[in-house]
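The values are calculated or read from the model by the stated rules, or taken from the named source; none is laboratory data. Please read all numbers here as calculations on a predicted model, not as lab measurements. Cβ atoms come from the backbone with ideal geometry, glycine included; neighbour counts cover every protein chain shown. Calculation scope for accessible area: heavy atoms of the full protein, side chains included, ligands and nucleic acids excluded. Shrake-Rupley method; radii C 1.70, N 1.55, O 1.52, S 1.80 Å.
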Amino acid sequence: MSDARTAAASVVDPEIRVITIDELGILRAVEEDPASGRVTVTITPTYTGCPAMDVIRADIRRALARAGHPDAEVRTVYSPPWSTDWISEGGRAKLATAGISPPAPVPTAGVVPLTLAVRCPQCGSPETEQVSRFGSTACKALWRCRSCAEPFDHLKAL
Ligand SMILES: [Zn+2]
């Protein structure tokens, strides 16, 4: 792993500060031009309408500047589209620890999708209900646990 890759991978999501953009699956590629040393970072935005992408771009440039690459370019690609499946196992564990219930993996094409219960991140109970489609940010929905009555954020699955 190059120092540029390490620097870019260490940038945290500005909304969910416990998880890095690498764990979230936003970071697609970090390339360093062998001749000029110029770094190009490729990212794929998560949820449309998330204002966090501008912050992420600025944070990547700042992290790379600290690592000795002051002229890094951040490219955004929309294809293939990001999905919640790209969140790494470690990322899902961190989300759970932070009280954000990780989205269930999107069923593979051809498989009849089952309605999966959203589990409470506090007590693990599947007895939960959606309170609002909009949680603390546009990317999260607000849910409440019927067992322990705790509200929690649930990342919308895509
Ligand atoms: Zn609960």
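Entry remark, the stretch 108-158: residues being farther than 17 Å from E15 by Cα, surrounded by 11 or more Cβ atoms within 10 Å (Cβ to Cβ), at pLDDT below 75 and touching a Pro at 6+ places or on another chain (Cβ under 7 Å) number 1 in total. Scanning the stretch 92-107 for residues that are among the small types (G, A, S) and more than 16 Å from the ligand (Cβ to nearest atom), we see that the one that is modelled with the highest pLDDT is A93. The residues on offer are D54, D59, D71, D85, and the sole one that is part of a helix (DSSP H, G or I) and modelled with pLDDT of 90 or more is D59. The set of residues from the stretch 15-44 being in a loop (DSSP other than H, G, I, E, B) and either open to solvent by less than 30 Å² (accessible area, probe 1.4 Å) or without any contact (Cβ under 8 Å) to a residue 24 or more places away in the chain (or both) comprises I16, R17, I19, G25, I26, D33, P34, A35, S36, G37, T44.
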